[in-house]
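Derivation of every value follows stated rules applied to the coordinates shown; laboratory data play no part. As the structure is a prediction and not an experimental result, all values here were calculated from the model. Glycine also receives a Cβ, built like all others from the backbone with ideal geometry; neighbour counts cover every protein chain displayed.
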Amino acid sequence: MTNSVTDTPTAASASPGFWRRYGDLWKAAPGGVVYLLAVFVVAMVALSALASIFWTGIGLVVLIVGIPIVVVSLLIARGFGVADRYLLRLTRLPEIAEPVWNRDAPDQNGFWMTLTRPLRNLRYWLSLIHGMITMPLLSTISFTVAVAWVSVAFGGLTYWFWGLFTDGTGEARWGLFVGDAVPWLFGGWSSYAVQVVLSLLAGIVFAFTLPWIVRGFALAHHAVAKGLVGRWASDDLAAEVRAEAAARDAAVKAEDVALRRLERDIHDGPQQRLVRLQMDLAALERRVEAGDADAAADLAREARGHAKAALDELRALSSGVAPPLLQDRGLAAALGAVAAASPLSVTVDVDPAVDGVSPEIARTVYFMVSELFTNAIKHSGATAATLTAALRPAGPAALGMLDVWVVDNGRGGARFSDGHGLEGLRERVAGLRGEFVLDSPLGGPTSVGTHIPLASPPSLEA
């Protein structure tokens with residue numbers, strides 16, 4: 001008795017699940033049919049274009065001029081692969097990601113390297129195979145079956161109507177044959193009635209199975225496209241390696257610029273002060289030996305002033321290397337202190353959770369905000385600014401992002417320029433694999449934002 005009670009809900013719950021899935025298949029069926037019809041046209045065009053261009057290029061390779069023709073065919077094949085992936089969206093299947101088409105190093109941008117890049121990339125050749133072989137073959141089969149299935153399904157279901165407008169010769173013979181073959185079922189029926197019943201039954205069967213047929217061919221096209229013109233796991237790895245290399249190069253460049261600036265600041269500031277202090281002390285020594293107490297006292301006071309100035313400059317430079325407040329109290333407090341020390345009227349909205357970022361990210365954000373405030377005062381004539389910093393989750397598999405925005409009310413017009421501050425900031429952020437955003441229309445306001453992933457930056461020693 002207990003088993004019958006438990007079995008009944010199970011059986012009842014299985015049926016709605018089946019019909020729900022079947023209904024979902026029907027929802028995707030119209031788009032799938034349109035795809036199977038459209039991709040056949042695209043495949044035939046691709047086959048004609050690629051075959052003529054590619055084999056022409058192969059025939060002219062010995063004359064060198066064939067090489068760029070082959071390259072053109074590979075580029076066109078890439079375009080047809082993109083078209084196939086775009087059309088596959090009609091099927092409601094998962095979207096196929098764009099593959100990595102350029103795996104060359106960033107410095108491999110010469111004329112011949114750029115020209116021969118498709119020849120050296122397997123993805124282009126797979127796109128050619130897709131456009132010349134797999135897509136035409138598969139689309140021909142799917143187009144034929146889809147057209148036949150749709151024709152039988154809707155033709156059979158509606159034969160009772162449009163059959164009245166035909167001459168009925170072929171249908172009469174077919175109906176008579178079936179009626180004679182199974183007299184116990186169709187005995188006494190007219191040939192037209194037999195044909196209507198048989199067409200209706202065929203229409204029901206074909207219409208009922210149409211969503212599965214369409215879905216099956218759509219899945220086949222999707223699998224082929226994913227394998228030949230879609231993104232692979234190795235593409236993600238290659239993109240990751242390129243991003244790491246670019247971030248490392250940017251970090252090295254930014255570090256080199258920072259060290260040169262520090263060297264220049266030390267040379268122009270404390271070093272000159274200390275040289276002057278050395279000269280004052282030598283003069284002071286001579287005055288003491290000569291017994292000129294008043295002159296010696298003046299030189300001592302002047303020397304003390306130079307020593308204090310040199311000390312202040314050294315403290316300022318050392319804070320530029322490792323700010324004590326940043327190390328002692330965290331990023332939120334350090335940003336608040338920068339905003340409070342700025343002549344601008346700064347509105348601060350900093351999430352205390354930013355204190356949890358790595359020291360490399362904290363230093364970069366601290367120096368970036370400091371320099372942005374300085375730029376706003378020196379170059380844009382701003383009087384007020386807004387500083388916001390917050391953590392943003394980036395998905396279950398990611399560590400999140402740190403978003404920092406500085407918006408001032410200056411006259412705008414800020415641009416990136418090699419060797420200048422904003423370009424240096426962008427390189428420092430790129431060294432952390434972050435994104436540096438600048439929006440500064442003429443007339444203002446200027447908005448500068450950074451989006452830095454919370455993963456560890458690439459090591460400069462690696």
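Each residue, Phe208 and Asn102, gets one label point 7 Å from its Cα in the Cβ direction; the gap between the two is 5.6 nm. Counting 0.36 nm for each residue step from Thr388 to Asp292 and taking away their Cα separation leaves a gain of 28.6 nm. With both labels modelled 7 Å from their Cα along Cα-to-Cβ, the Ile64 to Ile141 distance reads 4.5 nm.
Computed extension length for Leu119-Arg304: 59.5 nm, one decimal, from 0.36 nm per residue of separation with the Cα-Cα distance subtracted. Within the shell defined by Cβ-Cβ distances under 13 Å, the residues around Val71 carry a net charge of +3, with Lys and Arg each +1 and Asp and Glu each -1. Computing FRET efficiency as 1/(1 + (r/R0)^6) for Ser417 and Ala283, where r is the C-beta to C-beta distance and R0 is 41 Å, gives about 0.35. Here each label is just a point 7 Å from Cα along the line to Cβ, and for Asp355 and Val34 those points are 5.6 nm apart. Full extension of the chain between Tyr86 and Leu200 yields a length gain of 37.4 nm, computed as 0.36 nm times the residue separation minus the alpha carbon distance. Residues of region 117-153 with an amide N closer than 13 Å to a point placed 7 Å from the Cα of Ser234 along the Cα-to-Cβ direction: 121-126.
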